[in-house]
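Each remark here refers to the structure printed beneath this line.
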Amino acid sequence: MAKEEKIAIYPGSFDPITKGHLDILQRASAMFDKVIIAVLKNSRKTSFIPVKDRVELIKKSVQGIENVDVAYFEGLTVDYARKTGAKFLIRGLRAVSDFEYEMQLSQANMSVAPEIGTVFLITKPEYNFISSGIVKELAQYGEDISKFVPQSVAEYFKQS
Ligand code: ADP
């Protein structure tokens with residue numbers, strides 16, 4: 001019998017993608033046959049970067065990784081996962097402060113979609129403090145953010 005392809009979704013705002021996100025993605029891509037980075041287009045939360053630009057920036061950043069797709073979605077993550085055939089969600093954990101929210105979210109998902117599991121990967125210590133929010137704050141005041149983000153993102157902020 002043919003083995004079922006193991007597909008995982010890595011959902012998030014990615015506003016913008018950072019080296020912390022990329023590290024989680026690289027490790028997830030070694031664990032699954034396919035990883036789909038799913039960028040949330042949230043109609044209630046305003047984003048800094050338009051969703052299509054967020055997707056483009058991610059596409060440029062993941063060119064070297066073969067089994068990664070990038071797309072955006074609206075609505076519930078588990079509904080999107082079902083549509084793509086993914087049975088796993090990837091989430092990254094930085095500090096204990098992430099844990100409480102992530103546990104709630106994963107238990108809510110578990111309750112509405114018991115066939116979909118969440119896999120948590122712990123961030124590398126050097127990326128622990130990096131968040132999209134901090135990157136935006138630093139960029140806004142003219143700081144060099146190239147240490148924290150892929151090159152495509154650093155260039156995007158220089159232009160805007
Ligand atoms: P969301 O709005 O869903 O939290 P984010 O883009 O901020 O979207 O984050 C997506 C996922 O990536 C979350 O699981 C978050 O904890 C994780 N993440 C964000 N920054 C890092 C980092 N520096 N190291 C590891 N994981 C991270």
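The values are calculated or read from the model by the stated rules, or taken from the named source; none is laboratory data. Bear in mind the structure is a predicted one, so any value in this text is a computation, not a measurement. Cβ placement follows ideal geometry from the backbone for every residue including glycine, while neighbour counts extend to all protein chains displayed. Heads up: the accessible areas ignore ligands, DNA and RNA and are worked out on the full protein's heavy atoms, side chains in. Shrake-Rupley method; radii C 1.70, N 1.55, O 1.52, S 1.80 Å.
Would you confirm whether or not segment 100-109 contains a residue that is in contact (Cβ under 8 Å) with a residue 24 or more places away in the chain and at positive phi?
no
Table: residues versus (1) of a type in the set (A, V, I, L, M); (2) more than 23 Å from residue 60 (Cβ to Cβ); (3) touching an Asp or Glu at 6+ places or on another chain (Cβ under 6 Å).
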residue: 108; (1), (2), (3): yes, yes, no
residue: 120; (1), (2), (3): no, yes, no
residue: 123; (1), (2), (3): no, no, no
residue: 145; (1), (2), (3): yes, no, no
residue: 148; (1), (2), (3): no, no, no
residue: 159; (1), (2), (3): no, no, no
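Would you check if there is a residue in segment 77-88 being within 14 Å of the ligand (Cβ to nearest atom) and either open to solvent by 50 Å² or more (accessible area, probe 1.4 Å) or more than 15 Å from the chain's Cα centre (by Cα) (or both)?
Yes, segment 77-88 has at least one match.
Restricting to segment 11-46, name every residue that is open to solvent by 50 Å² or more (accessible area, probe 1.4 Å), more than 24 Å from residue 85 (Cα to Cα) and either near the ligand (Cβ under 9 Å from one of its atoms) or in contact with a helix residue (DSSP H, G or I) (Cβ under 8 Å, 6 or more places away or on another chain) (or both).
19, 45, listed by residue number.
Filter segment 47-76 for residues that are of a type in the set (S, T, N, Q), under 23 Å from residue 131 (Cα atoms) and open to solvent by less than 100 Å² (accessible area, probe 1.4 Å); which is modelled with the highest pLDDT?
61
Those residues that are part of a helix (DSSP H, G or I) and either small (Gly, Ala, Ser) or open to solvent by 100 Å² or more (accessible area, probe 1.4 Å) (or both), I need them from segment 91-104; list them, please.
Quick first cut of segment 91-104, residues part of a helix (DSSP H, G or I) only: 96-104.
Scanning segment 91-104 gives 96, 97, 99, 100, 101, 104.
Taking residue 52 and the conditions (1) within 13 Å of the ligand (Cβ to nearest atom); (2) more than 13 Å from the chain's Cα centre (by Cα), which numbered condition does it fall short on, given that it satisfies the others?
(1)
Determine whether residue 87 is modelled with pLDDT of 95 or more and charged (D, E, K, R).
Values: modelled with pLDDT of 95 or more: yes; charged (D, E, K, R): yes.
Judged against the criteria, residue 87 is a match.
So which residues in segment 105-160 are assigned to a helix (DSSP H, G or I), of a type in the set (D, E, K, R), loosely packed, with under 14 Cβ neighbours inside 10 Å and more than 10 Å from the ligand (Cβ to nearest atom)?
Across segment 105-160, the qualifying residues are 137, 158.
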